[in-house]
Every structure is written in C-alpha cells, then in structure tokens.
Amino acid sequence: MKEVTVFGRGGQGAVTSAYVLAKAVFYEGKYSQAFPFFGVERRGAPVMSFCRIDEKPIILREQVHSPDYLLVLDKSLLNESPTLKSGGMVIVNTHESMQIDDYATVCIDVTKTALEIIGKPFVNIPILGAFAALTGLVSLNSLFKAIDEMFAGRGKIAELNKKATEIVFNQIKR
C-alpha cells in the first residue's frame, strides 16, 4: 500500500486534491481511500488530507502517520510536515531548490503555472500532475476523468485545471 499526505493551508484545496487523486486511482482499477484531518478549522490553518492506494481492498481506518509521498502546497509548512517512510518523496510547490532531510525532494513552481493558466494560485489539482509523472501510480488520463467528475457543472474550471495539470506533468517528464 502507498500512502500520500497532501499538506496545505485551509482554503488551498488539500482535501479536494486527495479526493481527486483517490477517484483517479479508482479509474486505474485500484483501490483507494481519501480523507481529511482538520485541527482548528479556519482559512489559513494547516490542513492535511490523505490518500491510500493499493491493489487490494484497504481495510485500514486510521490517519496516515508516515506517508510514502508528501505533497506540500505551501512551502512555509515544511517545518511542520510529517515524517515520511524511509525512501519517501516530498513534492514541494516552490520556485526554490531545496532538499528535505534524506528524502527524494522535487521542487516545482506549481503556483506560476496555476497563475498563468487558471489565473489564480490554485495549486491543489495541478500538483497531482507532478505526482503522476514522478510515481506512475496514476495516469494523466485518469486524473483528467477525476477532474471532470469533481468539477462537473462548474464552467471552465475543469478544463483549466486539466491544462495546468498536464503542463506540470510535462515539466516533470522533460
């Protein structure tokens, strides 16, 4: 089983991100589980959301304490981030270059892409493009299906998120 934590601030869409990832994994024919963890529920407060991915049914029903992957929507949260499993990977939304402990660390400026394509700093969905490109646990097409489902009836938002997700995916694949 692979476990993913999406770490952001309230209002950044960490919960939506985990749900979209879980739906996309389901479209791959795998089992998935997504759920949030809130401390103080307010805009700007740290929020973690989790996704589990497996080839067999997932019966575990507890918070993810040491994920395989950590997606960080706001780099200012790095000093509060959870410890990963040995060999874990951190994907950080930042224009800076950095190394997080001994983990594989990938830095990508998702905010820049989101601002260019979506017109707002909505990074929660496009960062999934980086996750897909780096892990191979989910395809871009399955992400697109999940995005369409999540944002059905919400105007152009699905198309803009898919375009930004594809750009981030391709930036990693280069």
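The values are calculated or read from the model by the stated rules, or taken from the named source; none is laboratory data. Owing to the predicted nature of the structure, the values given are computational and were not obtained by experimental measurement. Backbone-built Cβ (ideal geometry, glycine too); neighbour counts: all protein chains shown. Surface areas here come from the heavy atoms of the whole protein model, side chains and all, with no ligands, DNA or RNA. Shrake-Rupley method; radii C 1.70, N 1.55, O 1.52, S 1.80 Å.
Scanning region 16-55 for residues that are surrounded by 21 or more Cβ atoms within 10 Å (Cβ to Cβ) and among the aliphatic types (A, V, I, L, M) returns Ala18, Val20, Leu21, Ala22, Ala24, Val25, Ala34, Val47, Met48, Ile53.
Among the residues of region 129-142, which ones are out of contact with any Ser or Thr (no Cβ under 6 Å at 6 or more places or on another chain) and part of a helix (DSSP H, G or I)?
Within region 129-142, Ala130, Phe131, Ala132, Ala133, Leu134, Thr135, Leu140, Asn141, Ser142 qualify.
Among the criteria (1) closer than 25 Å to Ala114 by Cα; (2) within 16 Å of the chain's Cα centre (by Cα), the one Ile53 does not fulfil is (1). Filtered by the rule that a residue be open to solvent by 40 Å² or more (accessible area, probe 1.4 Å) and among the small types (Gly, Ala, Ser), region 140-174 gives Ala152, Gly153, Gly155.
Filtering region 88-98 to residues that are of a type in the set (S, T, N, Q) and open to solvent by less than 30 Å² (accessible area, probe 1.4 Å) leaves Asn93, Thr94. Residues in region 99-119 that are open to solvent by 50 Å² or more (accessible area, probe 1.4 Å) and modelled with pLDDT under 95: Gln99, Asp101, Asp102. The criterion of being in contact with a Leu (Cβ under 7 Å, 6 or more places away or on another chain) and touching a residue at least 40 places away in the same chain (Cβ under 8 Å) holds for Ile53. If we scan region 115-128, do we find a residue that is of a type outside the set (D, E, K, R), assigned to a helix (DSSP H, G or I) and more than 26 Å from Ser32 (Cα to Cα)? Yes, region 115-128 has at least one match.
Checking each residue in region 124-156 for being more than 23 Å from Glu28 (Cα to Cα) and of a type outside the set (Lys, Arg) picks out Gly153, Gly155.
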